[in-house]
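Q: Quick one: this structure, given as structure tokens, is what I'll be asking you about.
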Amino acid sequence: MPKGIAFGITLLEILTTMAAGSILFGLAIPSMANLIEQNRLATHVNNLRASLHLTRSNAVHQKEQTVICKSSDGKSCIRTGKWTQGWIVFADDDRNRHRTEDERLIFVNRAVSSNTQIEYRAFGSRHYITYRPSGLTRTNGTFYVCNPKAPKRSKALILRKSGRIRLSDTRADGKPIKCGDKS
């Protein structure tokens, strides 16, 4: 290498590289945020579905009435508020659909992320679901789980009196699920 010649990077090259990197980074961040919201929503759908399956399974295998209900403290059922506050599964020994201290707590699901909305629509109570030892419930109903930031990933968990749960991408009328939709 001849003396007096230096190799390096010019300021213009550094600025060009930084500008290109900033553009690529700016494009990737919204996609990553959307992916995170979609994964959160899928997690909440799966947790709720697993909780319903656990409630039914316990009722059948232990031959005891088992309840899943909204709960903000992880110990007792609530009538106000939303399912996003959390829920519990418990063995309902006295069959009153309210957990007392001596009734076995089977599972606790804490509050879900703030962007997720969970609505339960049913004939009868919207605060709890009771599974009998036969695995049957007392009502049909539908949980709608959605997130305004990931609307195409919204799901419906459709509960039948037989105790079976079906996952759907649409409402009962075939229309898309919308957050806060009252129909």
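What follows draws every value from the coordinates through simple rules; no lab data is involved. The structure presented is a predicted model; accordingly, all values stated were derived computationally and were not measured. Methodologically, a virtual Cβ is constructed for each residue, glycine included, from the backbone with ideal geometry; neighbour enumeration extends over all protein chains shown.
Q: In a GNM of the chain with a 10 Å cut-off on Cα contacts, which of Thr43, Thr80, Thr17 has the highest mean-square fluctuation?
A: Of Thr43, Thr80, Thr17, the Gaussian network model singles out Thr17 as fluctuating most.
Q: Something else: Which loop trypsin sites (Lys or Arg not before Pro) in region 86-117, with loop taken from DSSP, have no more than 15 other Cβ atoms within 10 angstrom of their Cβ? Write out the running numbers ahead of the final one.
A: Values: sites: Arg95, Arg97, Arg99, Arg104, Arg110; in loops: Arg95, Arg97, Arg99, Arg104, Arg110.
Here the sparse-neighbourhood loop sites are Arg95, Arg104, Arg110.
Q: Let me ask another. Kindly give Rg over Rh for the chain, based on alpha-carbon atoms, with the Kirkwood expression for the hydrodynamic radius. Mind dumping the intermediate values first?
A: Numbers: Rg = 24.6 Å, Rh = 18.9 Å.
Looking at the chain, the ratio lands at 1.30.
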